[in-house]
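A short worksheet on the structure shown next.
The values are calculated or read from the model by the stated rules, or taken from the named source; none is laboratory data. Please read these numbers as outputs of a predicted model, since none were measured by experiment. Note: ideal-geometry Cβ built from the backbone for every residue, glycine included; neighbour counts use all protein chains shown. Ligands, DNA and RNA are excluded from the accessible area calculation, which covers all protein heavy atoms including side chains. Shrake-Rupley method; radii C 1.70, N 1.55, O 1.52, S 1.80 Å.
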Amino acid sequence: MGKTVFVLNGPNLNTLGKREPAIYGGKNLAAIEADCHETAAELGLSIDFRQSNHEGYLVDWIQEAGDRAAAIVINPGAYGHTSIALHDAIRSVAPLPAIEVHLSNIHAREPFRHHTMTSPVVTGVICGLGPLGYTLALRALAARI
Ligand code: DQA
């Protein structure tokens, strides 16, 4: 088993597949997890894939990643737009590489989605590419860790 990448998913991502498919697509989170495992195996990485609707769990998992993971992929969902706690947690595990992923192009949507609290403290951001964003993030991280 290679290095571990935590793939963390925030609120409402458990409903992918049935949630606003015109925006988020028809793939559910389990299928995205399967894609991530496949890409991780190809890259010689192992992944720990998690989802929570609770901000505090995401903070706990980022802190845990600081001890146990080589990198983080995070789709913070709506907490990305609001959470100073996630911003601080990601900062607290620096210089651990972290890539923020959004399925949708948040810049092409409502103005309240244009800003994220998390983007200033991550290594990079991928948005608007749907589930492909997750596996591209893993490839980018594999090149750095
Ligand atoms: C999202 C975009 C956010 O604005 C939204 O709140 C989500 C999903 C995305 O993956 O496109 O829950 O992070």
Can you run down the residue pairs with Cβ atoms below 6 Å, 6 or more apart or on separate chains, where the first is in the stretch 119-132 and touching a residue at least 40 places away in the same chain (Cβ under 8 Å) and the partner is not in a helix (DSSP H, G or I)?
-> VAL122/ALA98; VAL122/GLU100; GLY130/GLY25; GLY130/LEU103; PRO131/LYS27
For the stretch 1-40, name all the residues that are touching a strand residue (DSSP E or B) at 6+ places or on another chain (Cβ under 9 Å) and assigned to a helix (DSSP H, G or I).
-> LEU13, ASN14, LEU29, ILE32, GLU33, CYS36, HIS37, THR39, ALA40
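Is one or more of the residues making up the stretch 100-110 more than 16 Å from the chain's Cα centre (by Cα) and more than 19 Å from LEU132 (Cβ to Cβ)?
Scanning the stretch 100-110, I find at least one residue that is more than 16 Å from the chain's Cα centre (by Cα) and more than 19 Å from LEU132 (Cβ to Cβ), so the answer is yes.
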The one condition GLN51 fails out of (1) more than 17 Å from THR4 (Cα to Cα); (2) touching a residue at least 40 places away in the same chain (Cβ under 8 Å) is (1)
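Scan the helices (runs of 4 or more DSSP H) fully inside the stretch 47-145 and keep the ones with 1 or more residues being within 11 Å of the ligand (Cβ to nearest atom). First the steps, then the outcome.
On the way: elements: 55-68, 79-82, 84-92, 132-142.
In the stretch 47-145, the matching helices (runs of 4 or more DSSP H) lie at 79-82, 132-142.
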Give just the number: which of (1) in contact with a Ser or Thr (Cβ under 9 Å, 6 or more places away or on another chain); (2) open to solvent by less than 40 Å² (accessible area, probe 1.4 Å) does ASN14 not satisfy?
-> (2)
